[in-house]
Amino acid sequence: MEKNAAPKRSHRLVPKDNRNTVGENQVDNFKMRCEQVSVFYDNGATKAINSVSLDIGDNEVIAMIGPSGCGKSTFIRCLNRMNDTIEGCKVDGRIYLDGKNIYDKDVDVVPLRARVGMVFQKPNPFPKSIFDNVAYAPRIHGLVTNKSETEELVEKSLVRAGLWNEVKDRLNQPGTGLSGGQQQRLCIARTIAVNPEVILMDEPCSALDPIATAIIEELIEELRQEYSIAIVTHSMQQASRISQRTAYFHLGDLIEIGPTEQIFLNPLHQLTQDYITGRFG
């Protein structure tokens with residue numbers, strides 16, 4: 001698009017009653033591939049996700065947007081099998097990580113959740129010291145064997161999370177004593193300490209003030225150079241700032257997926273346009 005040129009508008013939007021996904025849901029350099037993923041609650045009585053197919057690209061941020069209750073958080077929890085912890089929840093379809101379906105019966109969810117880490121809406125540091133918050137998972141997974149290795153990994157993780165300079169002199173103090181934004185960065189440090197391949201973020205800034213949010217967004221952009229990141233956000237401004245692709249969900253359907261600029265400037269589906277222009281949501 002030429003500089004300062006007005007974005008071209010579609011003359012014919014896909015109508016609201018057409019719930020087939022619009023846009024390219026696959027990418028060449030995918031890290032995870034989701035095929036026909038459906039999610040049911042209440043032992044099959046309630047369908048929350050309807051046959052969603054979507055790639056998570058390598059070294060990209062993909063934002064998932066949509067009204068409350070549209071299924072975006074349910075979907076992202078499929079990517080590391082967090083929905084397994086919900087009684088009566090069933091997931092159909094296939095989700096591949098490096099060619100292996102993570103829902104195969106022989107997949108151990110413990111190492112899977114190290115490879116596909118998650119940062120939640122509300123910061124949830126362990127009731128441990130800052131140091132032990134970061135060191136806990138590497139110790140469990142056998143990534144460190146002595147004190148020196150542990151100290152090096154903790155420092156490296158806190159540096160990458162942009163927190164080291166703020167906490168290096170109080171590593172033995174409780175992680176719960178940090179501010180909200182610092183706690184969220186501590187949780188990110190805890191996630192990357194086990195060297196994941198994918199990071200899932202479920203509204204990681206919703207409880208933070210604008211300054212802390214800006215710091216987290218800068219961090220996400222830096223982490224994208226090493227990881228694939230999928231983020232659920234209610235903030236369309238945030239999605240437009242930090243993501244390369246955006247997926248719009250509506251009532252359990254993946255309505256539209258495409259480059260973020262296109263989704264916000266030239267949506268192809270009427271439901272997408274209605275949402276981003278504030279007609280509902």
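No value in this document is a laboratory result; all are computed from the given coordinates. Everything quoted here is computed from the prediction, not taken from an experiment. Cβ placement follows ideal geometry from the backbone for every residue including glycine, while neighbour counts extend to all protein chains displayed.
Bridging of residue 90 to lysines at a Cα separation below 19 Å is possible for 47, 72, 105, once same-chain residues fewer than 8 apart are set aside. When the chain is treated as a GNM with alpha-carbon contacts under 10 Å, the residue of 195, 59, 29 showing the greatest mean-square fluctuation is 29. For the chain, modelled as a GNM whose springs connect Cα atoms under 10 angstrom apart, the maximal fluctuation among 26, 173, 244 occurs at 173. In the calculated pair-distance distribution of region 80-207, the portion above 23 angstrom amounts to 36 percent of the Cα-Cα pairs. Backbone amide hydrogens, once placed in the peptide plane, bring residue 64 within less than 5 Å of 231, 232, 233, 247, excluding anything fewer than 5 places away on its chain.
Binning the alpha carbon pair distances of region 177-281 at 5 angstrom intervals from zero yields the distribution 2, 11, 21, 22, 17, 13, 9, 4, 1, 0, expressed in whole percent.
Descending by average beta-carbon neighbour count within 10 Å, the peptides 140-149, 162-171 line up as 162-171, 140-149, the highest first.
Each of 84, 132 was scored by other Cβ atoms within 10 Å of its Cβ. Arranged with the fewest first, they read 84, 132. Of 280, 131, the sequence from fewest to most neighbouring Cβ atoms within 10 angstrom is 280, 131.
The Cα-based radius of gyration and maximum Cα-Cα distance (Dmax) for region 30-276 are 18.1, 57 Å.
Put one equal scatterer on each alpha carbon of region 139-214, apply the Debye formula with no solvent term, and list log10 I(q)/I(0) at q = 0.22, 0.23 1/Å to two decimals. Listed by q, the Debye log ratios stand at -1.10, -1.18. Dipole check for the chain: with +1 at the C-beta of Lys and Arg, -1 at the C-beta of Asp and Glu, and the Cα centre as origin, the magnitude is about 400 Debye.
Taking packing as the residue-averaged number of other Cβ atoms within 10 angstrom, the listed peptides 74-80, 234-240, 183-189 run from highest to lowest as 183-189, 74-80, 234-240. Rounded to the nearest Hz, the phi-derived 3J(HN,Hα) couplings of region 174-183 under the Karplus curve 6.51 cos²θ - 1.76 cosθ + 1.60 (θ = phi - 60°) are x, x, 6, x, 7, 5, x, x, 5, 4, where x marks glycine and proline. The phi-based Karplus calculation (6.51 cos²θ - 1.76 cosθ + 1.60; θ = phi - 60°) puts the 3J(HN,Hα) values of region 202-213 at 9, 6, x, 10, 5, 9, 10, 7, x, 5, 5, 4 Hz, whole numbers, x for Gly and Pro.
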